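Taking it in order: structure first as structure tokens, then the write-up.
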Amino acid sequence: MDELEHRLRSALTEMAEEVPPSHGAWEDQQRRLALKSRRDRRRPAVMAAVAAAVVALIVTPIMIFQGNHSPVGPAGSIPEASGQPEVTAPPSSAWKPGVPQYIALEGEILATDPVSTGSVNLSNGRDFVSTYVYALQMPKGYSQLCQAQVLEGEPINGPQQAKYGAPQCQILAPPVNEKVVSWGSRDVTTPGNRPNGSVYAYVMSPPTDRVMVRLPDNSYAVSASKAVGKQFTLFVVYLNGPIKPIAWSALDANNKQLQNGS
């Protein structure tokens with residue numbers, strides 16, 4: 001027996017002396033081996049869990065740091081989905097571009113929207129006084145064609161109306177039969193409002209689509225603006241010069257003459 005075998009035998013003897021006596025030594029040894037095997041199997045799983053936790057602790061701060069480059073909304077806000085169409089609020093039905101507010105007096109009803117016939121710049125260079133023509137349904141049942149001047153942006157019959165005078169109106173005559181469409185007309189030219197031209201307003205029943213006027217030189221002009229009401233339509237003709245039409249014709253959409261007048 002060489003020195004290596006001697007040392008090995010001595011070590012085994014010392015280990016055997018430390019093991020308590022047992023009548024089932026073989027079974028005890030098998031249990032110890034099985035227990036050791038289970039510990040060895042659990043160790044890789046435990047180590048894997050620990051490694052995953054370590055990786056999570058390393059990766060999470062990096063992800064949070066990168067996320068701070070994105071826009072941040074208010075606390076508790078829900079981000080909108082990409083591609084969501086922009087929602088806009090519908091326009092108010094009480095407001096129309098270029099149409100001033102009208103304050104009704106003593107039960108009158110606005111029969112057509114006011115139509116602008118021109119404006120003049122005030123001396124301050126900022127404000128404008130505009131002239132409007134419109135039709136009214138009066139409480140007693142008749143209708144009127146009216147003209148008013150008002151500071152741009154202010155309502156007709158509003159607090160500033162007295163500065164520019166009360167609206168001027170004339171009574172309209174309803175058609176007497178189905179062959180008549182005209183309710184009346186008037187010169188709505190305002191001094192200073194159109195210094196180089198004139199404006200005329202005509203009120204016609206359906207199916208009138210436009211109004212054409214004949215001028216003293218036998219040329220013609222056609223209505224350029226209109227406001228449609230329930231009973232009739234208000235037409236406005238703008239003329240290039242201080243002239244007065246000598247005749248007019250009411251035409252339908254097919255250019256058929258419905259009525260002529262002077």
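Any read-out appearing in this document is the output of simple, stated calculations on the displayed coordinates, not a laboratory observation. Here the structure is a predicted model, which is why all the values come from computation and not from measurement. All Cβ positions, glycine included, derive from the backbone under ideal geometry; neighbour counts span all protein chains shown.
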At 0.36 nm per residue, and after removing the present C-alpha to C-alpha distance, how many nm does the segment from D187 to Q231 gain when stretched out fully?
13.7 nm
For R214 paired with K140, estimate the spin-label separation in nm (one decimal), with each label point 7 Å from Cα along the Cα-to-Cβ line.
3.7
For an R0 of 35 angstrom, estimate the FRET efficiency from the Cβ-Cβ distance between N121 and A247 and round to the nearest 0.05.
0.50
Sorted peptide list for 250-262, 198-210, criterion being average Cβ within 10 angstrom, highest first:
198-210, 250-262
Of K179/K226; K179/K230; K230/K256; K140/K230; K140/K256, pairs whose Cα-Cα distance is over 24 Å:
K140/K256
Dipole magnitude (debye, nearest 20) for the stretch 126-262, charges at Cβ of Lys, Arg, Asp, Glu:
140
